Amino acid sequence: MASAEWYLPQDRYFDPDPAQRRVAVELYESVARLPLISPHGHVDPRLFADENATLGSPTELFIIPDHYIFRLLYSQGIPMEDLGISRADGGPVSTDYRKIWQIFGDHFYLFRGTPTGVWLADELDAIFGVKTKLTGATAQAIYDELEAKLATPEFRPRALYDRFNLEVLCTTDAATDRLTYHQAIRDSGWHGDIRPTFRPDAVVNLLTPGWRKSIDTLSEVSGITVDSYAHFIQALEQRRAFFKMMGAKATDHAAETPYTQELGYSDADAIFQRALHGQATAEDARRFTAHMLMEMARMSVEDGLVMQLHPGSIRDHNAMLFQRYGKDMGADIPQATEFTHNLRPLLNKYGNDTRLRLIVFMLDEATQARELAPLAGHYPAMRLGPPWWFHDSINGMRRFFDRVVETASIYNTVGFNDDTRAFASIPARHDLWRRVAVNWIAGQHVRGIVDLDDAREMALDLAYRLTKRAYRFED
Amino acid sequence: MASAEWYLPQDRYFDPDPAQRRVAVELYESVARLPLISPHGHVDPRLFADENATLGSPTELFIIPDHYIFRLLYSQGIPMEDLGISRADGGPVSTDYRKIWQIFGDHFYLFRGTPTGVWLADELDAIFGVKTKLTGATAQAIYDELEAKLATPEFRPRALYDRFNLEVLCTTDAATDRLTYHQAIRDSGWHGDIRPTFRPDAVVNLLTPGWRKSIDTLSEVSGITVDSYAHFIQALEQRRAFFKMMGAKATDHAAETPYTQELGYSDADAIFQRALHGQATAEDARRFTAHMLMEMARMSVEDGLVMQLHPGSIRDHNAMLFQRYGKDMGADIPQATEFTHNLRPLLNKYGNDTRLRLIVFMLDEATQARELAPLAGHYPAMRLGPPWWFHDSINGMRRFFDRVVETASIYNTVGFNDDTRAFASIPARHDLWRRVAVNWIAGQHVRGIVDLDDAREMALDLAYRLTKRAYRFED
Amino acid sequence: MASAEWYLPQDRYFDPDPAQRRVAVELYESVARLPLISPHGHVDPRLFADENATLGSPTELFIIPDHYIFRLLYSQGIPMEDLGISRADGGPVSTDYRKIWQIFGDHFYLFRGTPTGVWLADELDAIFGVKTKLTGATAQAIYDELEAKLATPEFRPRALYDRFNLEVLCTTDAATDRLTYHQAIRDSGWHGDIRPTFRPDAVVNLLTPGWRKSIDTLSEVSGITVDSYAHFIQALEQRRAFFKMMGAKATDHAAETPYTQELGYSDADAIFQRALHGQATAEDARRFTAHMLMEMARMSVEDGLVMQLHPGSIRDHNAMLFQRYGKDMGADIPQATEFTHNLRPLLNKYGNDTRLRLIVFMLDEATQARELAPLAGHYPAMRLGPPWWFHDSINGMRRFFDRVVETASIYNTVGFNDDTRAFASIPARHDLWRRVAVNWIAGQHVRGIVDLDDAREMALDLAYRLTKRAYRFED
């Protein structure tokens, strides 16, 4: 492949039909420069705690931390070690960042037609000014260019926060986290709005590796000795209050399934005691997680934190990979998920209460039109999160709009989440959402489904206003 | 939002590509004014029994009886009481119809991009001549206009039946119904063709609230004392004969799953006796429903009534809502459905017999290409119903055509069902189907898949002829 | 319907948008005349063993052996006997091929919008030069034309092999097959490249009718007395070595589910002994199949044969049909399939080993984006087969590209399989794939997702190179 001038059309992701494209372009103009709200993601708050923090080398920025990228290289037989991924046993891995970048350039054709491919093209162009297409032939020159830019103050995280036009950025933090970096950001007097999110999975899921240790930490940080279910609940309430005081607007909960079921106090305490003694079974853990989702909904009714639920991923599917490199290595695989029956206990108890705001995400698209849109189109407490993870893509978004809106209305959805740990990819991800959203609205308009006034309102709603409202940033 | 002149383009729902649109428009012209056949729906026959019956106030016509509408308002936190929905406990609800209509106008933006939104726009324009868009600002003026029109003879149900160009309208009636209103229509000498449909769910599903009482009614209306399974079967056969004499062409069956399985006589009778004594279990009910689907197929083989099966909805998902307001309150939620194994006993026994015509509907679109199209593309007795309920929409229809036709052929589908209780929405629903169908056919033509002669035949088939044939209106 | 001149546009299956169509046409030009690689199918090798073999009469060529065709005629109530399908009991069936063809012509409208319809139109035009549309009115004239052509040397299989521009054609053969016809082809010195594929289902699935007899045949052909699990494994290894010597590049495995699980030796042997004594249970068979998939993966690691897995079809769903006419009668129905958990044991043991190449096919499209793309986008050993059977169609392919590529990349897919027993349909099937593929790529390009250089590479990859690489024809 020739190292052609990079091709990134201004009207990308829009349908080719000229009438639809004209409307899409007009709508896009009205939303393209709106501030970005990032209500859920995994950016490290440390990046903002120190005004001199940097993003590291190109390889450290783009490849080593990004399982979207290295999983595809691995799928084609490239060893993880060659990509600089650390081994749990401390075995040797490549530290030659230029060579790793070369491998990436040699195989960048693998990303043709993938979200990662278009995000990266956008980042290189819009943020770094790289106008050459990444290939094996251009890899080293691009590395030079990136390395030079990353060393300048303009590419420090705080500078980029402003340049990205971020209005607020929420991180994801363990229930036991002392939020030291968030405190440091506050103390620094910097104007950026970085907020924590309360994620208690590690103490709620009794089978999480290190659970017992996390409970001890929970005792420490909360000042409540967690020796019973009652104290466990008290400690969680204490942590939620602390997170809220530190600016949190939401909680977040992962689970293999969205199963919810309330336990009586003695049942819950008995399971908790077994867990404290290292005797909890898989069934104990399953029931306890189901119960704690109910408890979290109750606490959200009381403290107003928005409750996010991310179910359906089987984590660390590849045992060898997990053992050798740890978690988040690109081997999390979705499974079929059932919502209609699983969420019923929670929705029956709290779903009619507008103090609860429950945002449900999905990895099983078959549930969108079948279960989730009908549920969100009825229960006042429920909203649908945007396409997540594998579905955070042009086609994933198109399918989401096609399958969800007719039953749930866009007003039971919540705009966009970038859900990323790759800080530099945030503008590209939001821009892709905005483009796909306005293109979909334009398609509705040229088919006579919505008039132009409505189309304009919908564009503002999907690009900005729904997120702000859903996560209660207006309150 | 401004109260702009209402925007309802002539070529709505067609793809924007000029070549495809040209063909779609031509095909639409050939079917737009064909008579409407409504083989399955829930319109109240009482509307036609008295020539002076009226449709009530705008709020009584459009909002209070239509769970498509109030469920979405409820999902955004508007109390059911504020919308005039009666409470089972007789608690106070709004009876200020103008105020309810105002709430509707204020929130009509919620319906952007929904089928309800486009049906209502079409109804207001085409039936009522309202040329202003419904918003908070225009709500009262539109109410005035509607109220005035509804008071005129032109807006009585019988007049609208003619204006709608209905050829036949089938209602849905309990097995125990004496069909008094149908008899009154016949006695009146009116030319309209209103036919009943036999729906025995309330006596077949042993766990239906009030089942025991329904059995007593069945004894009364059939003149057969239903004290055994044998007499139950006889009574059902008697009722089917009565319905057929009253013009019925079809039966209809709802079930949580399409599970079918034949019981021996003594098994069936033992379950029936337990039910009579209030001792039937959930498993009894499950097996009995599965068995009765087999029996209904047998009776259809014998009497020629078309058998409709509507599986997969979990009724009254929201316990509080059901308790407070009753059933059909917008809280029925679909679940994943399995057809390949569940229908096998029925299809193995009766599926090769062309005297049976089994029309299967689905709420789980994942089964369309996977299970239903292959089944309908093989068994002579089976046909596929059109997209149902949440999927009776532009996207639902498009997905149906995309997933079903390649394997099953349009000739194993049955045209359109409006399946509505909202009489005034019937023309809008059929028109939407016809538009989406011809647009899909036009898409096939401009892609060189079918020639123009075939496209023209397919348009007539999908818009009119398939329904007439499938429900045996030609016999 | 009039017997119009047949309409088969040059730019068929491309989107109507002029910009997209222009790119699609350019890409199509670059791949339309590339050789065909047919790595998996069911053509009878006998057709090539004798240089004078013929394809028979039009009815014997197009209707009697093709369950895609007669299942749809049967679904509309046409008896199998009238279509010339032999009965197992030797009962009378039509042998009047002209009359059968007439029935086909009379009902060819059923195939509007189906893959069979467009394949057949293409075959009649491109291979047989028939320029008239098949209808009841034209059926006899077309029969004459076809009959005359089929009698000429140009329409013998070997001549067509060259005319079709086939580079290689793989058949599917039982593990116990002596590959006599393959040997005859080799002995004949003919230049065509016909290769066997190792399919051991009949000896691996303990409940296959005639299993015990197949084991005896396995003993005979392998020279190893299969009286234990150990000898069974040895015999299979012997057969694989023989197939490989005869040119095989791959194995093929069907299973109701993709369940995999390793048994200990004594477990496996105990089940095998029960099977030898006619005492294997359904659970035995299920576990044994799961175990043998693991064993087949192990052998593929060792001998390099590509492993193909075709799960999810319930064979012979219609008991009457199976009893009366045998298997492969158009009554195989897919079921929901689970891959994430079922494949985990196999992928955990062998999925990180690039010596294994596991190609997974699917009939449950809901798994494409949810399970299969994430799995193939991670495990180095795994690739995704193209849309199979009911999904080998314009829409099936479009859905496949839409759902799979963003997560798995086209580089974890394997190009096209025609998977057909209808030799004459091979060019039409590959042409349809190439057209749909380039149209999809053109759609990516006009949406600014891939530049033109990438689009050109992707076209060559999907049309030819990926298949060659995936099946190791380059080795």
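The values are calculated or read from the model by the stated rules, or taken from the named source; none is laboratory data. What you see is a predicted model, and the numbers here were worked out from it, not measured in a lab. Note that we place each Cβ from the backbone using ideal geometry, even for glycine, and neighbour counts take in every protein chain shown.
Quick notes on this one:
- The condition (being within 29 Å of A:P387 (Cβ to Cβ), surrounded by 24 or more Cβ atoms within 10 Å (Cβ to Cβ) and within 7 Å of another protein chain (Cβ to nearest Cβ)) is satisfied by just one residue among C:L372, C:L363: C:L363.
- Any hit, the range C:144-154, residues being buried (at least 20 other Cβ atoms within 10 Å of the Cβ) and under 30 Å from C:I100 (Cβ atoms): yes
- Among the residues of this structure, A:F108 does not count as one that is more than 14 Å from chain C (Cβ to nearest Cβ) and at pLDDT 95 or above.
- All told, C:I314 meets the bar of being modelled with pLDDT of 95 or more, farther than 30 Å from C:D475 by Cα and under 20 Å from the mean Cα position of the chain (by Cα).
- Test: residue in the range B:302-314 that is in the same structural domain as B:M362 (by TED's automatic domain parsing), of a type in the set (A, V, I, L, M) and farther than 23 Å from B:D353 by Cβ: yes
- If you filter the range A:376-413 down to residues that are outside any helix (DSSP H, G or I) and either more than 24 Å from B:F70 (Cβ to Cβ) or at pLDDT below 95 (or both), you find that the one that is nearest to the other protein chains (Cβ to nearest Cβ) is A:S393.
- Candidate set from the range C:339-360 (those that are out of contact with any Gly (no Cβ under 9 Å at 6 or more places or on another chain) and within 23 Å of B:T340 (Cβ to Cβ)); member that is nearest to the other protein chains (Cβ to nearest Cβ): C:T340
- C:A121 vs. criteria over 20 Å from the mean Cα position of the chain (by Cα), under 23 Å from C:Y68 (Cα atoms) and not acidic (D, E): yes
- The single condition from (1) within 14 Å of B:P258 (Cα to Cα); (2) surrounded by 24 or more Cβ atoms within 10 Å (Cβ to Cβ) that B:P345 fails is (2).
- Residue count for the range A:119-141 under the criterion of being free of Cβ contacts under 8 Å to residues at least 24 places away in the same chain and either at positive phi or within 12 Å of another protein chain (Cβ to nearest Cβ) (or both): the result is 1.
- When C:L73 is tested against the conditions (1) crowded, with 18+ Cβ neighbours inside 10 Å; (2) assigned to a loop (DSSP other than H, G, I, E, B); (3) free of Cβ contacts under 8 Å to residues at least 60 places away in the same chain, the lone failure is (2).
- Yes/no for A:G351 being without any contact (Cβ under 8 Å) to a residue 60 or more places away in the chain, buried (at least 22 other Cβ atoms within 10 Å of the Cβ) and closer than 18 Å to B:H317 by Cα: yes
- Count of the range C:342-363 residues which are of a type outside the set (G, A, S) and more than 22 Å from the chain's Cα centre (by Cα): 12
- Flag for A:D89 being part of a loop (DSSP other than H, G, I, E, B), surrounded by fewer than 19 Cβ atoms within 10 Å (Cβ to Cβ), touching a residue at least 60 places away in the same chain (Cβ under 8 Å) and not assigned by TED's automatic domain parsing to the domain that holds A:F198: yes
- Looking at C:D17, C:D66, C:D50, just one residue is of a type in the set (D, E), surrounded by 15 or more Cβ atoms within 10 Å (Cβ to Cβ) and within 13 Å of another protein chain (Cβ to nearest Cβ), and that residue is C:D17.
- Scanning the range C:54-63 for residues that are outside any helix (DSSP H, G or I) and in contact with a helix residue (DSSP H, G or I) (Cβ under 6 Å, 6 or more places away or on another chain), we see that the one that is nearest to the other protein chains (Cβ to nearest Cβ) is C:I63.
- First in the range A:185-209 and closer than 30 Å to A:I233 by Cβ, second anywhere and at pLDDT below 95, Cβ under 6 Å, 6 or more apart: A:A202/A:T208
- Restricting the range B:8-39 to residues that are over 24 Å from the mean Cα position of the chain (by Cα) and of a type in the set (A, V, I, L, M), the residue that is farthest from B:L452 (Cα to Cα) is B:L8.
- Failed item, numbered, when C:E474 is tested on (1) over 16 Å from the mean Cα position of the chain (by Cα); (2) at pLDDT 95 or above: (2)
- Exactly one residue out of B:F339, B:F288 is in a helix (DSSP H, G or I) and either in the same structural domain as B:R421 (by TED's automatic domain parsing) or under 24 Å from the mean Cα position of the chain (by Cα) (or both), and it is B:F288.
- A search for C-beta distances below 9 Å between a residue of the range B:313-333 that is facing chain A (nearest Cβ under 7 Å) and over 15 Å from B:M80 (Cα atoms) and any residue that is aromatic (F, W, Y) and crowded, with 20+ Cβ neighbours inside 10 Å, counting only pairs 6+ apart in sequence or on different chains, returns B:H317/A:Y379; B:I333/A:F339.
- Scanning the range B:268-283 for residues that are over 14 Å from B:F232 (Cβ atoms) and part of a helix (DSSP H, G or I) gives B:A282, B:E283.
- Some residue of the range C:102-111 being within 19 Å of C:Y68 (Cα to Cα), of a type outside the set (S, T, N, Q), out of contact with any Asp or Glu (no Cβ under 9 Å at 6 or more places or on another chain) and assigned to a loop (DSSP other than H, G, I, E, B): yes
- The single residue among A:G312, A:G264, A:G304, A:G278 that is surrounded by fewer than 18 Cβ atoms within 10 Å (Cβ to Cβ), within 29 Å of A:R469 (Cβ to Cβ) and of a type outside the set (F, W, Y) turns out to be A:G304.
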